[in-house]
Each structure stands twice: as C-alpha cells, then as structure tokens.
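S.K.: Got a structure for you, written out below as structure tokens; questions coming shortly.
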Amino acid sequence: MKDTRKIAMTGMLAAIATVLMYLEFSVPLVPSFLKFDFSELPALIGSFSMGPLYGVLICLVKNLLKLPSTGTGGVGELANFTLGAIFVCIAGFIYKRKKNRKNALIGALVGGVAMAVLSVPINYYMTYPVYTKFMPIEAIVGMYQAINPKVNGLLSCLIMFNVPFTFVKAMLCTLITMLIYKRISPLIKGNAIR
C-alpha cells in the first residue's frame, strides 16, 4: 500500500512539475532565451518526503511529458532533467541521513551549488552545441554581451550568467519548499489527520 501511495504521489508531483515547467518566464539581467520556472519544486518536495529516487523520477517524468512540445530537439529537456536530478538527488540524500530542517537546508544548498556548477559543462558540451546548429555561436554570445559587454566567449557567458541563474532558481525552489513542506508532507506520506 505504501509503494502504491508513493507511485501515485510521484505521478501527481510530476504532473504539477510539468505544469510549472510550462509556466516559464523571462527574468531581467539574463538573455531572454533563459527561462525561469519552478518545476524543480515538486521534485524537491518528493525527494524530501519519499526519498531521492522519487525526486529524480519526478524530474524524468516532467521532462518526458514536455518532449512532445519541445522547441529544443530534446536537448533542453535532457539538460533540465540532468541538472534537476543532480539538485534533488543530492538534497534528498543529505536530508535522508538525518531528517531535520538543518539537513534539508544543507542538502538543498549543496544540491543547488552542484546544479549551478555542473550547468557549465552540461550546457557547454551538450546543450549549446545543438543550439549552434540553429543559431551561430556569435549570435548566442551576442545576446549575453547585450547585457554585459565584458563577457567574451561562451564559457565566460555560462559562468557569468548561467551559474548564478541556476543557483538562484534552486534557492527559490528551496525557499518555497521550506515554507510549505511541513504543511503538505503529511498528505504526501499518508499521515494526514482524519
């Protein structure tokens, strides 16, 4: 019965994550093609409440559901899955060792740093090589340079823009999780007061 509940909760959280993935928006100080969304939020909640594997599964399902409407040939979804899985897996693993608020914050912070740092090689070697088949690298770098003319080359752009963007995204998901987790975890775990 417990496994059935976890599967159902994984599906529900993945559905919410998928909806949140479609509710993306541009933010100031980064190129307009970098879109912000809160789709890691349900995965982080799932990772804390059911374990890191479930958080990773939520990331996988949301990206598989997004594939039919992809505008990136699937490479954006692959990068999103990889980075989201890194974040929620690390956060969930650290939290699982000792379930308290401090470990949840440490786990999310370490996961967020790992996600941000690893966004550089993942984007540099996987995402942007595909994007350059549709848009010249000079045009991509030019979009970054329009915001900060000092950036020089793709690697510089990724470090200057993508790393902080990714880290802030992780920390905002963490903040919201910290605000709502205690209220919703009994529902996810099946311990709701009847």
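The values are calculated or read from the model by the stated rules, or taken from the named source; none is laboratory data. Model, not experiment: these values are computed from the prediction. As a convention, Cβ positions derive from the backbone with ideal geometry for all residues, glycine included, and neighbour counts pool all protein chains shown. With ligands, DNA and RNA removed, areas are computed over all heavy atoms of the protein, side chains included. Shrake-Rupley method; radii C 1.70, N 1.55, O 1.52, S 1.80 Å.
S.K.: Part of a strand (DSSP E or B), open to solvent by less than 40 Å² (accessible area, probe 1.4 Å) and within 22 Å of ALA108 (Cβ to Cβ) - does that describe any residue in segment 23-41?
M.R.: Yes, segment 23-41 contains at least one residue that is part of a strand (DSSP E or B), open to solvent by less than 40 Å² (accessible area, probe 1.4 Å) and within 22 Å of ALA108 (Cβ to Cβ).
S.K.: Look at GLY84 and say whether it is assigned to a helix (DSSP H, G or I) and of a type outside the set (Asp, Glu).
M.R.: yes
S.K.: For segment 1-34: of the residues being among the aliphatic types (A, V, I, L, M) and in contact with a strand residue (DSSP E or B) (Cβ under 8 Å, 6 or more places away or on another chain), which is nearest to THR127 (Cα to Cα)?
M.R.: So the residue we want is LEU34.
S.K.: I'm trying to understand the selection: among the residues of segment 1-22, which are of a type in the set (A, V, I, L, M, F, W, C) and in a helix (DSSP H, G or I)? Please lay out each step first, then the result.
M.R.: Initial filter on segment 1-22 (of a type in the set (A, V, I, L, M, F, W, C)): 1, 7-9, 12-17, 19-21.
Matches in segment 1-22: ILE7, ALA8, MET9, MET12, LEU13, ALA14, ALA15, ILE16, ALA17, VAL19, LEU20, MET21.
S.K.: Does any residue in segment 6-23 that is within 14 Å of GLY190 (Cα to Cα) come within less than 7 Å, Cβ to Cβ, of a residue that is of a type in the set (Val, Ile, Thr) six or more places away or on a different chain, and which pairs are these?
M.R.: What qualifies is MET9/ILE188; THR10/ILE58.
Yes or no, residue by residue, for (1) in contact (Cβ under 8 Å) with a residue 24 or more places away in the chain; (2) not hydroxyl-bearing (Ser, Thr, Tyr):
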position	(1), (2)
THR4	no, no
LEU57	yes, yes
VAL61	yes, yes
GLY71	no, yes
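S.K.: Something else about it: For segment 89-99, indicate whether the set of residues that are in contact with a Leu (Cβ under 7 Å, 6 or more places away or on another chain) and within 13 Å of LEU44 (Cα to Cα) is non-empty.
M.R.: Yes, segment 89-99 contains a residue that is in contact with a Leu (Cβ under 7 Å, 6 or more places away or on another chain) and within 13 Å of LEU44 (Cα to Cα).
S.K.: Another question, if that's okay. Which one of THR166, THR174, THR127 is touching a residue at least 40 places away in the same chain (Cβ under 8 Å), surrounded by 13 or more Cβ atoms within 10 Å (Cβ to Cβ) and under 22 Å from MET9 (Cα atoms)?
M.R.: Numbers: THR166 fails: under 22 Å from MET9 (Cα atoms); THR127 fails: under 22 Å from MET9 (Cα atoms).
Criteria check complete, one pass: THR174.
S.K.: Ok, one more. Looking only at residues that are of a type in the set (Val, Ile, Thr) and modelled with pLDDT of 90 or more in segment 1-26, which one is nearest to the chain's Cα centre (by Cα)?
M.R.: THR18
S.K.: For the structure I just gave you, tell me whether ILE45 is in contact with a Leu (Cβ under 7 Å, 6 or more places away or on another chain), open to solvent by less than 50 Å² (accessible area, probe 1.4 Å) and over 15 Å from ALA17 (Cα atoms).
M.R.: Here the answer is no, as ILE45 does not meet what is asked.
S.K.: Output yes when any residue across segment 177-194 is without any contact (Cβ under 8 Å) to a residue 12 or more places away in the chain, in a helix (DSSP H, G or I), surrounded by 15 or more Cβ atoms within 10 Å (Cβ to Cβ) and not charged (D, E, K, R), and no when none is.
M.R.: no
S.K.: Something else now. What number of residues in segment 1-22 are among the hydroxyl-bearing types (Ser, Thr, Tyr), open to solvent by 70 Å² or more (accessible area, probe 1.4 Å) and over 29 Å from GLY142 (Cα atoms)?
M.R.: Number satisfying all stated conditions: 1.
S.K.: Residues in segment 57-78 that are open to solvent by 60 Å² or more (accessible area, probe 1.4 Å) and part of a loop (DSSP other than H, G, I, E, B): how many?
M.R.: Total satisfying the criteria: 2.
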